[in-house]
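Enquirer: Okay, here's the structure, questions in a sec.
The values are calculated or read from the model by the stated rules, or taken from the named source; none is laboratory data. Predicted model only: the values in this text are computed from it and were never measured. With ideal geometry, Cβ positions are generated from the backbone for all residues, glycine too; neighbour counts draw on all protein chains shown. The area values use the complete protein model at the heavy-atom level, side chains included, leaving out ligands, DNA and RNA. Shrake-Rupley method; radii C 1.70, N 1.55, O 1.52, S 1.80 Å.
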Amino acid sequence: MRTVRHRDATEGRDLPALLWRPGPGHRMISSAVLGGGIGERSWVLNAQVAHGYTRRDPEAHLAEIAAAAGASGPGVGMMTATDVLSTRALAHDGGAQALVTAGTGVHGWAATDGTEAATYDASDARPEGAAPDGPGAPYCPEPPYRPGTINILVALPVPLSDAALVNSVMTATEAKVQALLEYGLDASGTPTDAVCVAARVPRPGAPVEEFAGPRSLWGARLARAVYEATLRALIQERGGSGKEAAALPWQGQAPIRRSRPAPSPSRTSAPQTASSSTIGSVQPSVTWCTAPSANGPTAASR
């Protein structure tokens with residue numbers, strides 16, 4: 001993965017974007033505004049835009065950024081107003097990799113009674129010590145300065161069936177929510193979260209993974225990778241020490257919060273080989289992010 005720059009018309013400054021070009025042979029499922037759905041894709045873009053983004057054609061805008069960076073063919077484009085360089089985090093588990101950028105200034109629960117607004121962090125809206133809006137008035141924060149988007153990119157070195165692709169998105173989302181709760185945020189996400197899962201294109205006669213639930217082989221690996229990457233991204237965005245970021249439950253250390261069950265302590269590893277789809281400084285069979293500067297699952301496990 002590499003960092004590219006694009007000119008933002010709203011604020012008149014250059015902003016970064018993360019571009020992953022794994023090459024041909026990948027099938028992706030995504031909720032992204034550009035390239036969403038299921039299909040073969042050759043690149044993924046996670047572009048930072050201005051907080052006051054005003055364009056009404058985000059799909060075309062993302063395609064422009066990708067083309068200017070040299071990406072061609074069909075791809076996936078996500079956007080966020082959070083700093084994609086300072087809030088990104090990578091994690092891997094047994095060949096599954098996850099890259100997450102986190103912006104949680106606006107967060108809340110998916111199901112509400114229709115009157116509950118998204119939660120704004122007071123620290124984002126008012127300087128410390130500032131007076132409320134009148135004597136005895138409840139504190140009503142202004143729109144926060146931090147944006148609210150969590151973008152998740154996952155890569156798996158195996159082909160998945162259509163049903164398993166859909167299930168992989170469910171598993172990734174469950175792992176994201178677990179990380180939010182472990183960190184201490186009473187929320188299921190933000191209103192604009194996006195996800196993309198990339199898997200290999202099935203080859204004729206070759207086996208295809210039919211399951212991606214959290215107790216299947218690849219679903220479990222995906223879940224642990226997304227959980228870890230999300231937790232690290234939250235710590236980078238909202239604060240926390242490197243020691244906290246390393247205190248992951250299956251590593252024999254205490255989680256940040258103990259109020260919820262931890263992932264399985266059995267961290268599965270497999271022989272690792274480098275490939276052309278590298279996205280990280282570590283080199284499992286699917287890897288990606290270099291800093292710029294005998295399955296047998298049951299149906300119940302799907």
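Enquirer: List every residue pair whose Cβ atoms sit under 8 Å apart, with the two residues 6 or more apart in sequence or on different chains, where the first one lies in the range 76-102 and is aromatic (Phe, Trp, Tyr) and the second, anywhere, is at pLDDT 95 or above.
Expert: none
Enquirer: Of the residues Ser188, Ser216, which is open to solvent by less than 10 Å² (accessible area, probe 1.4 Å) and over 20 Å from Leu90 (Cα atoms)?
Expert: So the residue among Ser188, Ser216 that is open to solvent by less than 10 Å² (accessible area, probe 1.4 Å) and over 20 Å from Leu90 (Cα atoms) is Ser216.
Enquirer: For the range 58-81, give me the residue count where each residue is hydroxyl-bearing (Ser, Thr, Tyr) and open to solvent by less than 10 Å² (accessible area, probe 1.4 Å).
Expert: 1
Enquirer: Then there is this: Going by the conditions given, is Val76 in contact with a Lys or Arg (Cβ under 9 Å, 6 or more places away or on another chain) and under 25 Å from Arg221 (Cα atoms)?
Expert: Yes, satisfied.
Here is a yes/no grid of residues against (1) of a type outside the set (Phe, Trp, Tyr); (2) under 19 Å from Ala32 (Cα atoms); (3) part of a helix (DSSP H, G or I):
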| site | (1), (2), (3) |
| --- | --- |
| Asn151 | yes, yes, no |
| Ala164 | yes, yes, yes |
| Ser168 | yes, yes, yes |
| Thr171 | yes, yes, yes |
| Glu174 | yes, yes, yes |
| Ala179 | yes, no, yes |
| Leu185 | yes, no, no |
| Ala199 | yes, yes, no |
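Enquirer: Oh, and also: Can you name every residue in the range 49-69 that is at pLDDT below 95 and either among the polar types (S, T, N, Q) or in a loop (DSSP other than H, G, I, E, B) (or both)?
Expert: Hits for the range 49-69 are Val49, Ala50, His51, Gly52, Tyr53, Thr54, Arg55, Arg56, Asp57.
Enquirer: Which one of the conditions (1) at pLDDT 95 or above; (2) open to solvent by 60 Å² or more (accessible area, probe 1.4 Å) does Glu142 fail to meet, given that it meets all the rest?
Expert: The one condition Glu142 does not meet is (1).
Enquirer: Of all residues in the range 4-24, which are at pLDDT below 95 and either of a type in the set (Ser, Thr, Tyr) or farther than 22 Å from Arg55 by Cα (or both)?
Expert: Result: Thr10, Pro22, Gly23, Pro24.
Enquirer: Here's something else I'd like to know. Confirm whether His107 is part of a strand (DSSP E or B), open to solvent by 20 Å² or more (accessible area, probe 1.4 Å) and farther than 13 Å from Val33 by Cα.
Expert: For His107, the condition - part of a strand (DSSP E or B), open to solvent by 20 Å² or more (accessible area, probe 1.4 Å) and farther than 13 Å from Val33 by Cα - is not met.
Enquirer: Going residue by residue through the range 216-227, is there one that turns out to be out of contact with any Cys (no Cβ under 7 Å at 6 or more places or on another chain), at pLDDT 95 or above, over 21 Å from Trp20 (Cα atoms) and assigned to a loop (DSSP other than H, G, I, E, B)?
Expert: Yes, that holds for at least one residue.
Enquirer: Of the numbered conditions (1) surrounded by 19 or more Cβ atoms within 10 Å (Cβ to Cβ); (2) out of contact with any Gly (no Cβ under 9 Å at 6 or more places or on another chain); (3) outside any loop (DSSP other than H, G, I, E, B); (4) not aliphatic (A, V, I, L, M), Asn46 fails exactly one; give the number of that condition.
Expert: (2)
Enquirer: Within the set of pairs 6+ apart or on separate chains, which have a first residue in the range 223-238 that is under 8 Å from Ala89 (Cα atoms) and open to solvent by 10 Å² or more (accessible area, probe 1.4 Å), a second that is assigned to a helix (DSSP H, G or I) and of a type in the set (S, T, N, Q), and C-beta atoms under 7 Å apart?
Expert: As it stands, the answer is none, since no pair meets every condition given.
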